[in-house]
Ligand code: DAS
């Protein structure tokens, strides 16, 4: 029998690590990283799994700074002797953002696979254990090498730069609109049909500048841009309509902001 590969699982929280609490009539963080792995039958046969807890909160509490710190922890772990890849368990709400941040900071060939769950750990038919199983299997696979950072739920593997959550409740929620998933974690193997092209990576030493996002909506005026500038942001991402269109009324605000070096 071939030697088992080592995979490090970083846990951050999310529904995957939550259980229903009647006192708050909702899901609350309830499962430790070790218990999360222990609930996955057969995980120990796939790889030599080590769990490292990063946090245990809903993913709306994730911040760019935390993502950056997580990235540094993962990149250091991937340099450790014998480590084949990493898995991150996360909340579905912002997993696409964390995956993207990890991807633009990731340069090694070793795979990073993020996974999550739409059903809590104590729900009927939770999807977390199967998702963790497939994520570890993929992270340990030869096929995943060089594919960058991926998001895997429901056996489907998406590239970090293309995946989106498309439904707020249904387990079949992750999709890569236009481009499609890159692979599939099958019972007996991990299959890839595409390699994500056009990945860009960066090597910032730290994240310091404030950058705001202003979303275009019909009726938009200049106030959100002026507000962002007044708050001292160093850059603004303006999310326009279609190919980036915004009404003419916004143009003077953009000019004033750029004149100030924003
Ligand atoms: N609990 C939410 C979150 O942490 C939703 C989820 O995990 O699916 O993002």
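Which condition number in (1) farther than 30 Å from residue 210 by Cβ; (2) part of a helix (DSSP H, G or I) is the one that residue 40 fails?
With (1) farther than 30 Å from residue 210 by Cβ; (2) part of a helix (DSSP H, G or I) applied to residue 40, the lone miss is (2).
Could you check how many residues of region 1-37 are more than 22 Å from residue 79 (Cβ to Cβ), in contact with a strand residue (DSSP E or B) (Cβ under 9 Å, 6 or more places away or on another chain), without any contact (Cβ under 8 Å) to a residue 60 or more places away in the chain and not in a strand (DSSP E or B)?
Going through region 1-37 one residue at a time, the tally reaches 2.
For residue 27, indicate whether it is more than 16 Å from the ligand (Cβ to nearest atom) and over 20 Å from the mean Cα position of the chain (by Cα).
Spelling it out, it is not the case that residue 27 is more than 16 Å from the ligand (Cβ to nearest atom) and over 20 Å from the mean Cα position of the chain (by Cα).
For residue 198, are the conditions met, namely being closer than 29 Å to residue 72 by Cβ and surrounded by 14 or more Cβ atoms within 10 Å (Cβ to Cβ)?
No.
Residue by residue, here is whether (1) buried (at least 18 other Cβ atoms within 10 Å of the Cβ); (2) within 16 Å of the ligand (Cβ to nearest atom) holds:
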| site | (1), (2) |
| --- | --- |
| 36 | yes, yes |
| 41 | no, no |
| 62 | yes, yes |
| 67 | yes, yes |
| 71 | yes, no |
| 89 | yes, yes |
| 92 | yes, yes |
| 101 | yes, yes |
| 120 | yes, yes |
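Got a sec? Which of 75, 109, 81 is over 15 Å from residue 18 (Cβ atoms), more than 16 Å from the ligand (Cβ to nearest atom) and without any contact (Cβ under 8 Å) to a residue 12 or more places away in the chain?
Sole residue among the options that is over 15 Å from residue 18 (Cβ atoms), more than 16 Å from the ligand (Cβ to nearest atom) and without any contact (Cβ under 8 Å) to a residue 12 or more places away in the chain: 81.
Quick grid of which residues meet (1) in contact with a strand residue (DSSP E or B) (Cβ under 7 Å, 6 or more places away or on another chain); (2) exposed (fewer than 12 other Cβ atoms within 10 Å of the Cβ); (3) in contact (Cβ under 8 Å) with a residue 60 or more places away in the chain:
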site: 158; (1), (2), (3): yes, no, no
site: 162; (1), (2), (3): no, no, no
site: 178; (1), (2), (3): no, yes, no
site: 184; (1), (2), (3): yes, no, no
site: 188; (1), (2), (3): no, yes, no
site: 194; (1), (2), (3): no, no, no
site: 206; (1), (2), (3): no, yes, yes
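Do we have any residue at all in region 123-130 that's within 11 Å of the ligand (Cβ to nearest atom) and within 18 Å of residue 17 (Cα to Cα)?
Yes: region 123-130 contains one or more residues that are within 11 Å of the ligand (Cβ to nearest atom) and within 18 Å of residue 17 (Cα to Cα).
Considering every residue within region 218-225, establish whether at least one is within 20 Å of residue 97 (Cα to Cα) and surrounded by 10 or more Cβ atoms within 10 Å (Cβ to Cβ).
no
Any read-out appearing in this document is the output of simple, stated calculations on the displayed coordinates, not a laboratory observation. It should be emphasised that the depicted structure is a prediction, and the values quoted were computed from it without experimental measurement. Glycine also receives a Cβ, built like all others from the backbone with ideal geometry; neighbour counts cover every protein chain displayed.
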